[in-house]
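Working notes, structure below.
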Amino acid sequence: MPRPAKLHKFSNLHLFKRSVSYFGAYKGRVVLAVVAMLIYAPLPPALAWLGKYFTDEVLIAKDVFMLKVCIAAFVGLYILKCILLLGQTFVMNATGVLVLRDIRNDLYKKIIRLPMSYFAESEIGMLMSRITADVMSVRVCLPSAIMFIRQVFTLLALIGTAVYMDAYLAFWSLLVMPAAIYPFIFFGQKIRKYGRKIQSGVSGINVVLEEGFSGIKVIKAFANELKEDLRFEKENTSYTRLIIRQVLYSEGSSRIMDFIGAIAGATIMWVGGMQVVNGEMSQGDLVAFSLCVIQLYDPIKKLNASNQQIQQGLAGAERVFDILDSPEIRVEEQGTRVFDGSLESLAFKDVEFTYPSTTEPALNGVSLDIEAGRRVAIVGPSGSGKTTLVNLLPRFYDTDKGSITINGTDIRDYTLDSLRFNLGLVSQDTFLFNTSITENIAYAQKDYSMEAVEQAARAAYAHDFIMEMPEGYDTYVGEGGVKISGGQKQRLTIARAIMKDPALLILDEATSALDTESERIVQKALDNLLKDRTSIVIAHRLSTILSADLIVVMENGHIVAKGRHADLLKSCPLYKRLYDMQFEDAAETDNESRGPA
């Protein structure tokens with residue numbers, strides 16, 4: 001079960017204003033819909049008056065000419081009514097779709113610029129639901145509001161007509177109208193409540209689906225299909241119950257409105273019928289009045305339906321504008337200086353950092369100076385802070401205390417684009433987009449040549465296997481690169497880094513997940529990538545450590561030793577223990593394969 005999202009509390013007025021504000025770009029369409037609404041409002045009373053003339057002048061007076069006039073008027077009014085309704089409904093729904101596009105664009109633009117800490121605390125399925133299901137709810141707000149206003153105008157016109165026809169009968173027929181206010185408010189609140197829960201339920205289903213499909217290999221490896229079936233069934237059943245409950249309240253509201261209308265109709269039949277019997281009202285007047293009141297309760301029901309849609313829309317708006325407007329959810333802050341890629345020095349000074357969901361610091365008082373052109377290896381046991389340290393460089397996270405400077409300038413003073421474009425990161429967690437090999441290699445470049453792409457691929461030892469693919473460089477690699485092997489994916493990510501040509505290269509155990517043969521090929525590609533470049537290597541392969549200009553040993557968020565390999569073997573017990581445990585056998589195997597120097 002996913003964690004329930006904590007939403008920032010916004011007032012209904014704020015949510016409605018924010019939803020409606022997106023329609024501001026389409027003022028012409030909205031004005032057209034409002035004009036159609038105003039023209040439509042007097043049509044129901046006109047149909048009621050037509051009923052009076054049809055009864056008195058045609059049915060009773062038997063006037064054939066008036067029959068033709070009434071038929072022509074009836075057809076004309078309904079044609080106009082249909083045109084106005086079609087125009088208004090189409091215009092507003094089409095505008096709603098355009099607004100849907102705009103909100104999704106803004107939401108994705110905001111989410112993609114949120115800090116990594118936000119993604120660490122959020123389910124991907126929940127974020128997907130915000131952009132899909134929740135936004136769908138928001139788009140109905142203004143069309144439903146215009147529908148609401150149209151029904152109010154129509155209601156006022158019909159009430160005025162009923163009072164004008166017979167104030168006494170209007171009093172009795174409208175006496176039950178205040179009774180419609182309670183279900184209008186009560187059921188509106190319930191529908192809003194369950195609308196909010198349904199939106200959360202959609203998120204829950206999306207989370208289970210995203211995890212299930214992404215982790216399908218693990219599910220099958222552990223033969224856990226049944227467990228995942230039950231997990232999805234639980235979420236789906238909970239979601240279904242919420243929908244059923246919302247349908248109950250929605251239909252209950254409509255049926256109560258029908259009952260109130262029936263009471264009003266019975267009142268008209270009794271009071272109006274007695275007036276006709278006593279000769280106080282003509283049959284035509286009663287028919288016209290009845291048509292007027294019957295039509296009067298139709299906008300009341302539609303007011304209820306519009307209110308339901310608005311409440312559902314506001315439930316979605318809460319979740320959408322929680323991201324767009326919440327003061328706690330802010331995009332990454334950045335400086336104004338542009339890093340030109342010329343790296344002269346890199347320094348960590350008294351750096352402290354604690355992940356938001358933990359209490360123990362991941363880094364505590366880390367200081368390290370790195371000169372341009374040097375290769376620095378970082379080693380240490382799991383959880384010592386190695387990956388955390390390098391993740392601070394591209395500002396995936398910001399330091400709690402201390403500073404990181406490049407060329408003497410705090411990295412927070414640089415623009416994020418210029419900083420990250422000049423940093424290269426190759427990790428064991430490779431990721432490729434479901435597009436062509438060419439586009440994956442040239443991902444960082446807006447303008448590029450195929451010659452440059454092939455050159456990068458050759459340097460990454462990827463060209464040969466690419467040419468063996470069905471469509472060569474135009475081959476699609478599948479979602480996450482599922483259509484190619486782990487070693488091939490890693491070489492493509494190295495080619496992508498070579499194509500980027502970063503000033504500082506970060507290798508985070510880039511070969512740890514590969515088999516021996518793939519590792520040797522990838523290591524050759526990494527050697528090409530590391531050549532004549534400042535680099536920080538979280539070490540996995542011994543040869544990388546031996547050739548490093550500086551080896552940094554970390555433990556429990558601290559740097560416990562720095563130096564060259566031979567010196568650290570003598571002076572640092574932790575490094576010697578790591579060497580003995582992890583590298584001694586690998587060193588012997590590597591030396592045997594290399595032969596005498």
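Nothing in this text is a laboratory measurement; each read-out follows from the coordinates by a stated rule. Note that the coordinates shown come from a computational prediction; the quantities given were computed from them, not determined experimentally. Note that each Cβ is placed from the backbone with ideal geometry, even for glycine, and that neighbours are counted across all protein chains shown.
For the pair Asp474 and Leu77 in one chain, pulling the backbone fully straight at 0.36 nm per residue adds 136.8 nm over the alpha carbon distance.
What do you get for the angle between helix 516-530 and the principal long axis of the chain? Use alpha-carbon atoms, 0 to 90 degrees, nearest ten. Tilt of helix 516-530: around 90 degrees. Cross-link check: pairs Lys386/Lys562; Lys190/Lys302; Lys386/Lys576; Lys27/Lys110; Lys489/Lys524 evaluated at a Cα-Cα cut-off of 20 Å; pairs beyond the cut-off: Lys27/Lys110. Note on the chain: antiparallel DSSP beta bridges, both residues inside, total approximately 50 percent of the bridges counted.
So if a site counts as exposed when it's one of the GluC sites (Glu not before Pro), its DSSP state isn't H, G, I, E or B, and it has at most 14 other Cβ atoms within 10 Å, what's the longest stretch of the chain without one? With a cap of 14 other Cβ atoms within 10 Å, the longest stretch comes to 122-279. Exposure proxy ranking for Ser290, Ser21, Ser129, based on other Cβ atoms within 10 angstrom of each Cβ and starting from the fewest, stands as Ser21, Ser290, Ser129.
Fewest-first ordering of Thr435, Thr493 by other beta carbons within 10 Å of each residue's beta carbon gives Thr435, Thr493. Rounded to the nearest 10 degrees, the angle from helix 141-165 to the longest Cα principal axis of the chain is 10 degrees.
Straight-line cross-link reach from Lys531 at under 14 Å between alpha-carbon atoms covers these aspartates and glutamates, not counting any fewer than eight positions away in the same chain: Asp501, Asp549.
Inter-label distance, Glu251 to Ala372: 7.5 nm, where each label sits 7 Å from its Cα along the C-beta direction.
Centre-to-centre, using Cα atoms only, the stretch 382-406 and the stretch 329-343 are separated by 15 Å. Using 0.36 nm per residue and subtracting the Cα-Cα separation, the extra length available between Lys576 and Asp464 on full extension is 36.3 nm. Which entry in (i) 123, 52, 50; (ii) 69, 56, 50; (iii) 82, 65, 48 is this structure's computed Cα extents along the principal axes in Å? For Cα extents along the principal axes in Å, the calculated option is (i). Extension gain for Phe259 to Asn278 (0.36 nm times residue separation, less C-alpha to C-alpha distance): 4.0 nm.
In terms of distances greater than 22 angstrom between alpha carbons, the cross-link table entries Lys109/Lys446; Lys197/Lys234; Lys401/Lys500 yield Lys401/Lys500.
Remark: Ile39, Ile191, Ile256 ranked as Ile39, Ile256, Ile191, counting other beta-carbon atoms within 10 Å and listing the fewest first. Using only Cα atoms, tell me the angle between helix 225-277 and the longest principal axis of the chain; keep it within 0 to 90° and round to the nearest 10. That works out to roughly 20 degrees. The calculated FRET efficiency for Lys27 paired with Leu156, based on their beta-carbon distance and R0 = 35 Å, is about 0.85.
Note on Thr409 and Phe65: the model spin-label points, each 7 Å out from Cα along the C-beta direction, lie 9.1 nm apart. In straight-distance terms, cross-link reach from Lys483 covers every one of the lysines whose alpha-carbon lies under 16 Å from its own, apart from those fewer than eight places away in the same chain; here that gives Lys217.
Only lysines eight or more places from Lys68 in sequence, or on another chain, were considered; those with a Cα closer than 16 Å are Lys52. Label positions at Val560 and Ser117, each projected 7 Å from the Cα along the C-beta direction, are separated by 2.9 nm.
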